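Trainee: Can you read through this structure? Questions will come right after.
The values are calculated or read from the model by the stated rules, or taken from the named source; none is laboratory data. Given the structure is predicted, the values throughout are model-derived calculations rather than measurements. Because the Cβ atoms are built from the backbone with ideal geometry, glycine has one as well, and the counts that use them run over all protein chains shown.
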Amino acid sequence: MTKEIIKKHNQWILAFRPVPFIGIMLVYDLLSKVIVGLFTFLFSLEPDKNSNLNAGNLLIEKGFETVLVETVFFAPILETILCQCLPIWFTGKFTQNKYILIGISTMVFTIIHPFDDLIMLTIVFLGGVIFSFSFIRWRQRNIWIALSVTTIIHASSNVIAVGLALME
């Protein structure tokens, strides 16, 4: 039964054109952040507020404009190439198993991000799954569409993250 639900859900997602697909992936990204936030609250987990990796501290240290340019423009483009395009292309030479492709790409994405607590690790990991899935979905159609859609999802996700950091 669970496999059938997942299969129908995947078919539903794959039927969308790029713009609605981006919206759906952003809803999933936001939901993943909310769920991690709820677990953080329910289990009284506290992120390290003094960490150099804390988004609020980065905003204070670097300034809003710098963080916005780095996280919304440069990082999504570079990370989509380094963490989705190249690992999926290379791993695809050995297997076309989507779960393996998503897993390898997500591991690369997670490893290149600095984190010092389980909360940040979980958020980065879940984002990596969303970006990898998105890239694989659109790569079948066209590499440029895959790069564009994944970069837009990533950039928008970072806007959400910066916005949440401003609310702290």
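Trainee: Which one of these is farther than 20 Å from residue 131 by Cα, part of a helix (DSSP H, G or I), modelled with pLDDT of 85 or more and under 19 Å from the mean Cα position of the chain (by Cα): 26, 38, 31? Working first, answer last.
Mentor: Details: 26 fails: farther than 20 Å from residue 131 by Cα; 31 fails: farther than 20 Å from residue 131 by Cα.
Unique residue meeting the criteria: 38.
Trainee: Among the candidates 130, 143, single out the residue that is at pLDDT 90 or above, in contact with an Asp or Glu (Cβ under 9 Å, 6 or more places away or on another chain) and either farther than 19 Å from residue 70 by Cβ or surrounded by fewer than 19 Cβ atoms within 10 Å (Cβ to Cβ) (or both).
Mentor: Details: 143 fails: in contact with an Asp or Glu (Cβ under 9 Å, 6 or more places away or on another chain).
After applying the criteria, what remains is 130.
Trainee: Another one. Do the conditions hold for residue 135, that is, is it within 25 Å of residue 38 (Cα to Cα), at pLDDT 95 or above and surrounded by 14 or more Cβ atoms within 10 Å (Cβ to Cβ)? Break it down stepwise before answering.
Mentor: Details: within 25 Å of residue 38 (Cα to Cα): no; at pLDDT 95 or above: yes; surrounded by 14 or more Cβ atoms within 10 Å (Cβ to Cβ): yes.
No.
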